[in-house]
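Just below is one structure, and these are the notes that go with it.
The values are calculated or read from the model by the stated rules, or taken from the named source; none is laboratory data. Just so it is clear, the model here is predicted, and its values are computed rather than measured. Please note: Cβ atoms are built from the backbone with ideal geometry, for glycine as well, and neighbour counts cover all protein chains shown. Protein only, heavy atoms only, side chains kept; ligands, DNA and RNA dropped before computing areas. Shrake-Rupley method; radii C 1.70, N 1.55, O 1.52, S 1.80 Å.
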Amino acid sequence: MSLTFENITLGQRVLFGYGRAAHHVAAEVDRLGARGVMVIAAPAEAGIADRITAGLPVVLRHDDVRPHVPVEQAEAARAAAKESGADLVVCVGGGSTTGLAKAVALTTRLPIVAVPTTYAGSEATNVWGLTEASRKTTGADDVVLPVAVVYDSELTLSLPIGLSVASGLNAIAHCVDSMWAPRTNPVNQAFAMEGLRAVAGGLRRIVREPDDIDGRDATLYGCYLSGVAFASAGSGLHHKICHVLGGAYDLPHAQTHATVLPYVLELNAPGAPDAARRIAAALDSATPVAGLNALREELDAPRALADHGLRREDIPEAVRLILPYVPANNPVPAGAEDLTDLLTRAWAGKPPQDSEAT
């Protein structure tokens, strides 16, 4: 049977180099002809942001950054951007910071230069998300895709190991979900598996030696590939679950992804044997679940949703909220009973079971 598929790869400039963030950001501001820069950075990243944007025509520094981008914070940032007269947004930080910059771009159409300090990968996607009344809404629009991404592993040196692990496993979740997401194809699968290899290897090095720049470079490289794969393949079951949990129960983004991932892999792998074999190979394991379990054990990964704020009594409501978003092409049926079992075990941190069939 002939190979047939459609693939879209989003276009953006990527600048990569240790210790070169300030140089690369300045070059992009100059290339884009910006005369008024809005800098978005949470208080924790203010020092980094000030350093790499020194000397730029900054007209506004905005630091009201919150997880899951509440609508009221997005509207305040949009109003501030318009009042300042900014013609470019530079965001410095993790996924929440990038998410707020995207919310600004969605209505103002200002271009974004993203400077990630975690391994979120959202800087490589055209996906935006907003939370209102405990419900998270996501969408895709090319106007929110950063026109340039500046990667500098020096900026990740202050990221705590625990958050590095959770953030990196979020990137791995992008890779795994891309193998059976609605628009999966051979191209984004290739990006996903290379990204998985790079992030897994990089995280191991970071945990063993936090100052290992090669490990941090590998992880950043892999997280970019994970974002590219995710942007092309779309959002699969894992991300549907995590977006509902994050918006409804205000769970921390990276830790939620890191905790839920092995249970979705356990559910889906038997229904996608080719993808399962490739994931196992990327993790250098006989089976994908065994490989992910071993990696998580080595990294001391987050283990239970109960540790991050989900209550057991929340599970029935969460299942009802997730059900309408289960992708029609998920590798296996995922009904209320399946989701209840998955969330109950993820809540308790009961390890997923391996299977020779996967």
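Close contacts from region 286-303, counting a first residue that is open to solvent by 10 Å² or more (accessible area, probe 1.4 Å) and a second that is part of a loop (DSSP other than H, G, I, E, B), with Cβ to Cβ under 6 Å and a gap of 6+ residues or different chains, come to Ala290/Asp354; Arg303/Gly349. Can you confirm whether Arg35 is of a type in the set (Lys, Arg) and part of a strand (DSSP E or B)? No. For region 109-122, the criterion of being within 26 Å of Gly36 (Cβ to Cβ), open to solvent by 10 Å² or more (accessible area, probe 1.4 Å), under 15 Å from the mean Cα position of the chain (by Cα) and modelled with pLDDT under 95 is satisfied by at least one residue. Filter region 317-340 down to the residues that are exposed (fewer than 14 other Cβ atoms within 10 Å of the Cβ) and not in a loop (DSSP other than H, G, I, E, B) and list them by number. Correct list: Glu317, Arg320, Pro324, Ala336, Glu337.
For region 59-70, the condition of being aliphatic (A, V, I, L, M), open to solvent by 30 Å² or more (accessible area, probe 1.4 Å) and part of a strand (DSSP E or B) holds for at least one residue. Against the test of being crowded, with 18+ Cβ neighbours inside 10 Å, modelled with pLDDT of 95 or more and on the phi > 0 side of the Ramachandran plot, the options Gly93, Gly85 yield a single qualifying residue, Gly93.
Listed by first and then second residue, the pairs with beta-carbon distance under 6 Å, at least 6 apart or on different chains, first residue in region 20-31 and free of Cβ contacts under 8 Å to residues at least 24 places away in the same chain and more than 14 Å from Val89 (Cα to Cα), second part of a helix (DSSP H, G or I) and open to solvent by less than 20 Å² (accessible area, probe 1.4 Å), form an empty list.
Look at region 188-209: where a residue is on the phi > 0 side of the Ramachandran plot and of a type in the set (Ser, Thr, Tyr), no partner that is open to solvent by less than 10 Å² (accessible area, probe 1.4 Å) and not in a helix (DSSP H, G or I) sits 6+ places away or on another chain with Cβ atoms under 8 Å. Only one of the numbered conditions (1) in contact with a Phe, Trp or Tyr (Cβ under 9 Å, 6 or more places away or on another chain); (2) closer than 26 Å to Leu159 by Cα; (3) open to solvent by 50 Å² or more (accessible area, probe 1.4 Å) is not met by His23, and that is (1).
Counting the residues of region 212-243 that are over 14 Å from Leu196 (Cβ atoms), part of a helix (DSSP H, G or I) and over 15 Å from the mean Cα position of the chain (by Cα) gives 5.
So that you can scan it fast, the table gives a plain yes or no per residue for (1) over 29 Å from Thr219 (Cβ atoms); (2) of a type outside the set (Ser, Thr, Tyr):
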position: Ala81; (1), (2): yes, yes
position: Thr118; (1), (2): no, no
position: Trp128; (1), (2): no, yes
position: Thr131; (1), (2): no, no
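With respect to Val260, determine if the residue is surrounded by 21 or more Cβ atoms within 10 Å (Cβ to Cβ), touching a His at 6+ places or on another chain (Cβ under 7 Å) and closer than 22 Å to Val69 by Cα.
yes
Taking region 341-358 as the range and being more than 21 Å from Ile279 (Cα to Cα) and open to solvent by 50 Å² or more (accessible area, probe 1.4 Å) as the test, the residues that pass are Asp341, Trp347, Ala348, Lys350.
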